[in-house]
Amino acid sequence: MIDLYGMGSPNVVKIYIALEELELPYTVHPIDVFGGAQFSEAFVKLNPNAKVPVIVDHEGPGGKPYTVFESGAILLYLAEKTLRLLPTDTAARYDVIQWLMVQMTGVGPMSGQLVHFVRFAPGGNEYARSRYATQVHRLFETIDARLGQVPFLGGATYSIADIATFPWLRLADMLIGSGKTKYANVQRWVDTIAARPAVIRALQAVDDVRARTTQFDKADVDMVDKVMGRGQYATA
């Protein structure tokens, strides 16, 4: 059994999808991020960085419980545990890992910053909004070109690179609006993945955890400041 600690953010959605695809039994422990649950002593013992997602695999290495945090590390761990969704051939394996890293170092951070400056930042941030919007468009262009050559990011087969990237790119309406029409290969790929039974189950589970956690528009203002690291919680 695997314990999954998270809420409904894209980085957590990845892990829901992986667990469903791999048919691994899991129990969800909702972490109410905008309620401050990630700052609790118990949760910080699981992840010193106070971020979701986290898993605890009760049948980890050597049959002992093992904790993994950071979504990319969790995906690699689950793929290696099950010998699925990550090729064993060295070249094919690193094709997948390279595109996983594109998501971890590019798609996620750039998209997250764009959403922050569009939805959460005060006015007067036109440069930041333009910068991150430009970076997100560049990443869509790069991924669209890749998906014009192969059906999935790692190549011929569906992998953890697709699982990592799908929760972000399915938000194209929010991230790039009408600009998404330029990226037909991305849209085809999103539609293909969205139709997978495991993905459908995962997104239903995500809807359930969202209903059980505080959403931004209902959150206490001071807690939002703490989560965002702003106001009295800013250190720079």
## Note on the structure
Place a point 7 Å from the Cα of A121 in the direction of its beta carbon; the residues of segment 206-236 whose amide N falls under 16 Å from it are 228-231, 236
### Extension gain, E80 back to K182 (0.36 nm per residue minus Cα-Cα distance, nm)
33.1 nm
### Message
To make sure I understand the rule: partners must be lysines, Cα under 20 Å from the Cα of K226, and not fewer than 8 residues away in the same chain. Which ones qualify?
### Response
K45, K51, K218
### Message
How much of the DSSP bridge set in segment 1-64 is antiparallel, in percent, rounded to the nearest 5?
### Response
45 percent
#### Entry: Stretchable slack from D225 to A156, in nm (0.36 nm times residue separation minus alpha-carbon distance)
20.4 nm
### Query
Between Q215 and V44, 0.36 nm times their residue separation minus their Cα-Cα distance comes to what?
59.4 nm
### Listed residues A91, A198, A184, most fluctuating in the chain (Gaussian network, C-alpha, under 10 Å)
A91
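Read-outs: derived from the displayed coordinates by stated rules, not from any lab. This one's a predicted model, so the numbers in the text were calculated from it and none came from an experiment. A quick note on method: Cβ atoms are made from the backbone with ideal geometry, for glycine too, and the neighbour counts reach across all protein chains shown.
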